[in-house]
Amino acid sequence: MQAPPIYDVAASDDHAIQNENKEARLLVTLFNNRRQGLFLATAKDFLKKYPKTQYDEIIRYMMADTHYDLWHKERLTKEENKEEGVNLHDTDFEEAMGIYNNLIEKYPDSPLTTRTLLLVGYSYLERGDSFGALKTFQRFVRLKPDSKYAGQVKISIARAFMALNRHEDAIKELESVGERRQGSSRPTRGGLSQRRRVLPQGRLRKVDCGLRRCD
């Protein structure tokens, strides 16, 4: 899975958004310093104050990541201590998934979409929600058919089908993975296999409402 994104908002000289920009940069600072409760409260106020903000995507992604982190930390702590019972942060999981899915819908061409779909899908699998995982992975294949993760995702679709007792569908998915792998290797004149070159993934950095790769 891709590395977590690094969020950043650049200072702006535009007087029309000067206050908005300062407040957005403050939110990034709160997020990076893991002031999670204060960040979430301040972010909600920010979005109410600036409903058409150009920083909508970055703010909402940071909110989703914060909710997810609160849930995941509690889950890991319980596993380490072998504790049972209700996870107090299950609502954070649902909140994170809701925000992530809305962001995928609203910003499908974002460089964060691939990472987000994988995170959501495997999180559903981790929780035993095979149907949620299946829907997410099928969405991934529709949106990112040429992704280097497509084969891995189709195997995960097969796993979800198996968990749902849809064995024939699982077999079809695995067969399609085999066909895809065979098609990706084509003999050249020298008898060597020719494969698509994949550039190494860089980290994702959010910059003033835009994203760039940092190789």
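The values are calculated or read from the model by the stated rules, or taken from the named source; none is laboratory data. Owing to the predicted nature of the structure, the values given are computational and were not obtained by experimental measurement. A quick note on method: Cβ atoms are made from the backbone with ideal geometry, for glycine too, and the neighbour counts reach across all protein chains shown.
So the values come out like this:
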read-out: Single match in GLU84, GLU57, GLU79 (criterion: modelled with pLDDT of 95 or more and not in a strand (DSSP E or B)); value: GLU57
read-out: Test: residue in the range 67-85 that is under 29 Å from LYS144 (Cα atoms), surrounded by fewer than 20 Cβ atoms within 10 Å (Cβ to Cβ) and not aliphatic (A, V, I, L, M); value: yes
read-out: Those residues of the range 11-43 which are modelled with pLDDT of 95 or more, among the small types (Gly, Ala, Ser) and surrounded by fewer than 14 Cβ atoms within 10 Å (Cβ to Cβ), in sequence order; value: GLY37, ALA41
read-out: Hits in the range 1-10 - residues which are buried (at least 17 other Cβ atoms within 10 Å of the Cβ) and outside any loop (DSSP other than H, G, I, E, B); value: TYR7
read-out: Checklist (1) of a type outside the set (Asp, Glu); (2) closer than 18 Å to PRO4 by Cα; (3) assigned to a loop (DSSP other than H, G, I, E, B) applied to GLY128, failing item; value: (2)
read-out: Which listed residue, of THR136, THR116, is of a type in the set (S, T, N, Q), touching a helix residue (DSSP H, G or I) at 6+ places or on another chain (Cβ under 9 Å), modelled with pLDDT of 95 or more and under 23 Å from PHE46 (Cβ atoms); value: THR116
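This table checks each residue for (1) touching a Ser or Thr at 6+ places or on another chain (Cβ under 7 Å); (2) not in a helix (DSSP H, G or I).
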position: SER12; (1), (2): no, yes
position: LEU30; (1), (2): yes, no
position: LEU38; (1), (2): no, no
position: LYS44; (1), (2): no, no
position: TYR68; (1), (2): no, no
position: GLU94; (1), (2): no, no
position: ASN101; (1), (2): no, no
position: THR116; (1), (2): no, no
position: VAL120; (1), (2): yes, no
